[in-house]
1. Within region 82-101, which residues are assigned to a strand (DSSP E or B) and of a type in the set (G, A, S)?
2. Would you pick out the residues in region 116-134 that are under 21 Å from A84 (Cα atoms), open to solvent by 90 Å² or more (accessible area, probe 1.4 Å) and either assigned to a loop (DSSP other than H, G, I, E, B) or modelled with pLDDT under 90 (or both)?
3. When you scan region 53-74, how many residues do you find that are of a type in the set (A, V, I, L, M, F, W, C) and surrounded by fewer than 10 Cβ atoms within 10 Å (Cβ to Cβ)?
4. Give me the residue from region 17-31 that is modelled with pLDDT under 90 and part of a helix (DSSP H, G or I) and, out of that set, farthest from L62 (Cα to Cα).
5. Would you point out which residue out of A31, A84 is over 30 Å from F7 (Cα atoms) and surrounded by 10 or more Cβ atoms within 10 Å (Cβ to Cβ)?
6. Can you tell me which of (1) touching a residue at least 40 places away in the same chain (Cβ under 8 Å); (2) exposed (fewer than 12 other Cβ atoms within 10 Å of the Cβ); (3) assigned to a helix (DSSP H, G or I) is the one Q50 doesn't meet?
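The values are calculated or read from the model by the stated rules, or taken from the named source; none is laboratory data. Remember, predicted model here, so these are calculated numbers, not experimental data. Using ideal geometry, Cβ is built from the backbone for each residue, glycine included, and neighbour counts are taken over all protein chains shown. Areas reflect the complete protein model, heavy atoms only, side chains present, ligands, DNA and RNA absent. Shrake-Rupley method; radii C 1.70, N 1.55, O 1.52, S 1.80 Å.
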Amino acid sequence: MSVDPIFWLLAAIGFVVLEAMTLNLVSIWFAVGSAAALLSCLATGSFRVQAVVFIAVSTLCLLALKPLCSRLRKPPTATNGDRALGREAVVLTPVSAETTGRVRLDGVDWNARCATPGDTLAPGQSCRVAEIHSTLLIVEPVLTETARRAAH
């Protein structure tokens, strides 16, 4: 069985396009393998030989370059935003799940919304930071001892 060289060319282009879309080194190995299979297609008409070349070259590229790429990849940079999680802030303007309000955390004013629909926080109340979405804090009310007893 003979495979047209266009098949391997389209496969290589397809893998390069897929790699460009993901930028995570998931298909570049197969693009190199397809290019090698394209060259073997020009030398032999056997699809089995071409498939073996594709698999072998793709595997070799993966085994040789993946460790190098993982060493070159920088670890994620920690941000100060993670420090705010679990901390208490003071409500400045009314905050609910539907309406964005303002809270103050460590002297900095933030946009905030409640994590739970139905919760409403009034100015002066304390709230706890549950999540951070860019410049929006997702907060929840801090239960006082009186509110805890009433809930139980």
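1. A89, S96, G101
2. H133, S134
3. Total satisfying the criteria: 2.
4. Among them, the one singled out is M21.
5. Details: A31 fails: over 30 Å from F7 (Cα atoms).
Going through A31, A84 in turn, just one is over 30 Å from F7 (Cα atoms) and surrounded by 10 or more Cβ atoms within 10 Å (Cβ to Cβ): A84.
6. Going through (1) touching a residue at least 40 places away in the same chain (Cβ under 8 Å); (2) exposed (fewer than 12 other Cβ atoms within 10 Å of the Cβ); (3) assigned to a helix (DSSP H, G or I) one by one, Q50 breaks only (2).
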